[in-house]
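Report on the following structure.
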Amino acid sequence: MMDYEKLLSKNVRTLQPSGIRKFFDILDTMKDAISLGIGEPDFVTPWHIREAGVYSLEQGHTKYTSNAGLSRLRAVASEYLARRFELTFSPEDIFITVGGSEAIDLCIRSLVDPGDEVIVPVPSFVCYGPLVTMACGVPVYVETKAENEFKLTAEELRAVITPRTKLLVLPYPNNPTGAILERGDLEAIAEVLKGTDIMVLSDEIYAELTYGQKHVSPCNIPELKERTMLVNGFSKAYAMTGWRLGYVCGPRPIMKQMLKIHQYGIMSAPTTSQYAAIEALKNGDGDIETMRESYNKRRKLLLKGLRDLGLTCFEPRGAFYMFPKIGGFGLSSDEFCTRFLQEEKVAIIPGTAFGQGGEGFTRICYASSVENIETALSRLGDFLGRLR
Ligand SMILES: Cc1ncc(COP(=O)(O)O)c(C=O)c1O
């Protein structure tokens, strides 16, 4: 008999599965449950974008593309970044990946040597730490605070830098807190990094979804641009999660090395998706506005509803999540969410799924219908009534 446990890589065996999954497994067994758990748009990809994908199939574009992606797509991505965010990347500085997820993995794998430290502000999206571990690096988590609007502060950053620090992850706009970094925050971070060799991985997958002010990228800060790998993608801005397409931009010598990993592991991102993405970047600005306005309405509805129920909640400035405080009821975040799901049939995610600092919080995704949000709020009111 093979002892598979023994055969498996220690790195893989000790990796914890994502804390989000458990709730979907319970949810799957329930009828009439509402999910405000999953982090994806509730829109279907706009028709003209889907049509471009369909048309590419009709035209017979069913082969691999070049490793870096269609040159037309890289050219329109370059135009898009200039138009929307005043970012200057030539098409040669951009390559197309399987979602932002692959881009994040490539950045980490191409930069991290065994023992290198990677600073990861938490609470944040679940993938950074595990991918660092898989690259034999050491994730160094920094707990961001509600009183600092969940921003990574210059002081917090300075305190964790060591001679082994290789990379800083900037996960803003943030999943799950909705925090953003503004120009001043980035300039303060630039000051801390000045004179070091620390690289930055900026996950800007929610760049198009900010409320009240435009997203600022570290690449808009001249002192940070030379050390930043920018990751973006199509999933959130264009409601294209299933198309699995993203991209990465950054200094050419690093991109060149990253492309080798992509070449050997992936070959090229999905061809149909790349054709659809050309249409998205060229003619999708209006769709983004429409969807963002709709998320913004729901953001206001949920925030008011949570505050009316007496919960403390940071007003999210980006993405489509809210991170209210649910400590103080004598339940851990996990117990709170498990009981809420079992008793009221609403799935939300415990803050602890997003790392240290998440205890006492829950993530609610408001990319769900107004009706679902209203029902969830009413059920939350009933649930809290029983806890109080
Ligand atoms: C912060 C963040 N980064 C990256 C991703 C992955 O996105 P993609 O679908 O482009 O792989 C997600 C998905 O939830 C996310 O929330």
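Which percentage, to the nearest 5, of the DSSP beta bridges contained in segment 47-284 is antiparallel?
Bridges in segment 47-284 that DSSP calls antiparallel: roughly 30 percent.
Ranked highest first by average number of other Cβ atoms within 10 Å, how do 138-144, 174-180, 30-36, 233-239 line up?
So the peptides 138-144, 174-180, 30-36, 233-239, ranked by packing, come out 174-180, 233-239, 138-144, 30-36.
Based on the Kirkwood radius over alpha-carbon pairs, what value in µm²/s does the Stokes-Einstein equation return for the translational diffusion coefficient of segment 166-220 at 25 °C and 0.890 mPa s?
208
Give me the net charge of residue 92's neighbourhood, meaning all other residues with Cβ under 12 Å from the Cβ of residue 92; Lys, Arg count +1, Asp, Glu -1.
Taking every Cβ under 12 Å from that of residue 92, the sum is +2.
Just the Cα atoms of segment 26-149, one point each, no solvent: what log10 I(q)/I(0) does Debye give at q = 0.13, 0.16, 0.18 Å⁻¹?
Results for segment 26-149 at q = 0.13, 0.16, 0.18 Å⁻¹ read -0.92, -1.17, -1.21.
With the dipole of the chain worked out from charges on the C-beta (+1 for Lys and Arg, -1 for Asp and Glu) around the Cα centre, which of 219, 140, 103 lies farthest toward the positive end?
103
Once amide H atoms are built 1.01 Å from N in the peptide plane, which residues 5 or more positions from residue 235, or in another chain, come under 5 Å H to H?
100, 240, 245
Beyond 17 Å, what share of the Cα-Cα pairs of segment 1-93 remains, rounded to the nearest whole percent?
Here the long-distance tail beyond 17 Å is 76 percent of all Cα pairs in segment 1-93.
First select every other residue whose beta carbon is under 11 angstrom from the beta carbon of residue 178; then total the charges, Lys and Arg +1, Asp and Glu -1.
+1
Could you tell me what percent of the DSSP beta bridges with both partners in segment 192-350 are antiparallel, to the nearest 5?
In segment 192-350, DSSP labels about 55 percent of beta bridges as antiparallel.
About its Cα centre, how strong a charge dipole does the chain have in debye, to the nearest 20, once Lys and Arg get +1 and Asp and Glu get -1 at the Cβ?
Using Cβ point charges on Lys, Arg, Asp and Glu, the chain gives about 220 debye.
If segment 47-284 were replaced by its equivalent ellipsoid, with semi-axes equal to the square roots of 5 times the Cα gyration tensor eigenvalues, what would those be, largest first, whole Å?
Largest first, segment 47-284 gives 30, 20, 15 Å.
Filter the cross-link list 63/256; 6/236; 166/282; 63/225; 22/304; 145/256 down to pairs whose alpha-carbon distance in this structure exceeds 32 Å.
Beyond 32 Å between Cα atoms: 6/236; 166/282; 63/225; 145/256.
What do you get for Rg/Rh of segment 77-184 when both radii come from the Cα atoms and Rh is the Kirkwood radius?
0.99
How do the peptides 293-301, 307-315 rank, highest first, by the average count of neighbouring beta carbon atoms within 10 Å per residue?
Top to bottom by mean Cβ count within 10 Å: 293-301, 307-315.
Values quoted throughout were computed directly from the atomic coordinates according to the rules given, and no laboratory measurement underlies them. Predicted model only: the values in this text are computed from it and were never measured. Cβ atoms come from the backbone with ideal geometry, glycine included; neighbour counts cover every protein chain shown.
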